[in-house]
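J.: Pasting in a structure now, in structure tokens, and then I'll have a few things to ask.
The values are calculated or read from the model by the stated rules, or taken from the named source; none is laboratory data. Being a predicted model, the structure only gives us computed values, none of them experimental. Cβ: placed from backbone, ideal geometry, glycine included. Neighbour counts: every protein chain shown. Note: areas computed on protein heavy atoms with side chains; ligands, DNA, RNA excluded. Shrake-Rupley method; radii C 1.70, N 1.55, O 1.52, S 1.80 Å.
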Amino acid sequence: MTSKENEAIGVSVSSDGPRPCKRVRLNTPRSSTRTTALAESNHAAKSAIQSTSTQSKLHYGLFEIARPLGSGAFGQVYLARHRESCLICALKVLNKENFMCDGKERHVRREIEVHSCLRHPGIIGFYGWFHDSSRIVLILEYAIGGELFKVLAREDHFSEQRAAKYIAQVACSLSYLHKKHVMHRDIKPENILLGLHGELKLADFGYSVHAPDNKRETKCGTLDYMSPEMLVRGTVSYTNAVDLWALGVLTYEFLTGWTPFADNTVAATRRRICKLDMEPLPASISPEAKHFIHSLLVLDPPTRLSLEGVLDHPWIVKNCKSPG
Ligand code: AMP
């Protein structure tokens, strides 16, 4: 991108490399009433963008950039407004020079292919995408509440009621994905965003894959959340039960503020995961919550609690029934 283009759109796109670790505290996005009103009333605007997208006429100049929302492995995400329709959205700007090597472009292609086919209230909306010589831009639903990771870091851990309500929401989104034969493969608090009413929305489909035969071999994801079957040496296939394992890790983390297998080195963490050598849960955690976690963090994938089982589990049922 030339500096002139930068001036025209009012943003300087960084060409920084990947962040070493997403577990970095950033400023929580500020919200504004105006943004909220616009975000709520723009169904027509989304269709406008989507129809423009079909005509392949989308370009950067159609958007007014407000401020950066965060950065990911291949670029930055900006709060933006579609000038014509006033739709508030998030523009995920991926710098081609950051991923056009080592086969990483496959990662981006997959993200677009998978995410563009998903429509669910528990998944960040995908409105369209375009590219130019230096970047690929994804037009996404703006999650006004920001990252769940930052909320968790701020609050240290969640009450059982709140954790169960969150886990039920993630389970519903995963159920939708699995019915569409998609494995997410990178469930973690950094990839869960919050909507206007505090509802959770899955984001970042960079590691997701459409697998109609429910079988994959590529080892990918974030170590703390990776399942034992994905970490064993050699080529071993795994199923969408990897997302159920990650859901167990997520539940543990929501309730304690830390992940169950984390150790000082990659090798040590990996060993602990493969041996199910879990950090004991604090005594204050209820027996139902412990049972729930132990039903998901099971070495044998087919015997893990299913997503239907998750939603029917007494810990979820009890905590999701009561208000608050
Ligand atoms: P990603 O490249 O998808 O990992 O996104 C990088 C960061 O940008 C995230 O960790 C969020 O803080 C922020 N972000 C990404 N997508 C959105 C969105 N749709 N709405 C609000 N913030 C977002």
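J.: With respect to the numbered conditions (1) outside any loop (DSSP other than H, G, I, E, B); (2) under 20 Å from C172 (Cβ atoms); (3) out of contact with any helix residue (DSSP H, G or I) (no Cβ under 6 Å at 6 or more places or on another chain), which one is the sole condition not fulfilled by D224?
T.: Against the list (1) outside any loop (DSSP other than H, G, I, E, B); (2) under 20 Å from C172 (Cβ atoms); (3) out of contact with any helix residue (DSSP H, G or I) (no Cβ under 6 Å at 6 or more places or on another chain), D224 comes up short only on (2).
J.: Restricting the search to the range 145-174, which residues are aromatic (F, W, Y) and open to solvent by 10 Å² or more (accessible area, probe 1.4 Å)?
T.: F149, Y166
J.: Further question on the same structure: Looking at the range 254-261, can you tell me whether even one residue there is at pLDDT 95 or above, in contact with an Asp or Glu (Cβ under 6 Å, 6 or more places away or on another chain), within 30 Å of K104 (Cβ to Cβ) and surrounded by fewer than 19 Cβ atoms within 10 Å (Cβ to Cβ)?
T.: No: zero hits.
J.: Is it true that some residue in the range 248-268 is more than 24 Å from the chain's Cα centre (by Cα), in the same structural domain as S173 (by TED's automatic domain parsing) and of a type in the set (S, T, N, Q)?
T.: Taking the range 248-268 and keeping what is more than 24 Å from the chain's Cα centre (by Cα), we get 264-265, 267-268.
After this cut, where a residue has to be in the same structural domain as S173 (by TED's automatic domain parsing) as well, the list is 264-265, 267-268.
Remaining after also requiring of a type in the set (S, T, N, Q): 264-265.
For the range 248-268, residues more than 24 Å from the chain's Cα centre (by Cα), in the same structural domain as S173 (by TED's automatic domain parsing) and of a type in the set (S, T, N, Q): present.
Listed here are the residues, each with its yes/no results for (1) touching a strand residue (DSSP E or B) at 6+ places or on another chain (Cβ under 8 Å); (2) without any contact (Cβ under 8 Å) to a residue 60 or more places away in the chain; (3) on the phi > 0 side of the Ramachandran plot.
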site	(1), (2), (3)
Y238	yes, no, no
D243	yes, no, no
L250	no, no, no
G257	no, no, yes
T265	no, yes, no
R270	no, yes, no
I273	no, yes, no
L276	no, yes, yes
P287	no, yes, no
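J.: Within the range 59-79, track down each residue that is under 20 Å from N98 (Cβ atoms), open to solvent by less than 30 Å² (accessible area, probe 1.4 Å) and part of a strand (DSSP E or B).
T.: Selection gives I65, G70, G75, Y78.
Yes/no per residue for (1) under 25 Å from I144 (Cβ atoms); (2) open to solvent by less than 70 Å² (accessible area, probe 1.4 Å); (3) within 13 Å of the ligand (Cβ to nearest atom); (4) under 8 Å from the mean Cα position of the chain (by Cα):
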{"position": "K180", "(1), (2), (3), (4)": "no, no, no, no"}
{"position": "M183", "(1), (2), (3), (4)": "no, yes, no, no"}
{"position": "N191", "(1), (2), (3), (4)": "yes, yes, yes, yes"}
{"position": "H197", "(1), (2), (3), (4)": "yes, no, no, no"}
{"position": "L202", "(1), (2), (3), (4)": "yes, yes, yes, yes"}
{"position": "S208", "(1), (2), (3), (4)": "yes, yes, yes, no"}
{"position": "A211", "(1), (2), (3), (4)": "no, yes, no, no"}
{"position": "K215", "(1), (2), (3), (4)": "no, no, no, no"}
{"position": "K219", "(1), (2), (3), (4)": "no, no, no, no"}
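J.: Need the failing condition index for L281 against (1) in contact (Cβ under 8 Å) with a residue 40 or more places away in the chain; (2) of a type outside the set (S, T, Y); (3) in a loop (DSSP other than H, G, I, E, B), just the number.
T.: The number of the failed condition is (1).
J.: Hey, among G103, G125, which residue is touching a Leu at 6+ places or on another chain (Cβ under 7 Å) and within 29 Å of H178 (Cα to Cα)?
T.: G125
J.: Additional query: Could you list all residues from the range 86-99 that are surrounded by fewer than 18 Cβ atoms within 10 Å (Cβ to Cβ) and either within 8 Å of the ligand (Cβ to nearest atom) or part of a loop (DSSP other than H, G, I, E, B) (or both)?
T.: Correct list: C86 only.
J.: For the range 113-144, what are the residues that are in a loop (DSSP other than H, G, I, E, B), open to solvent by less than 20 Å² (accessible area, probe 1.4 Å) and within 19 Å of V209 (Cα to Cα)?
T.: Correct list: L118, G122, I124, G125.
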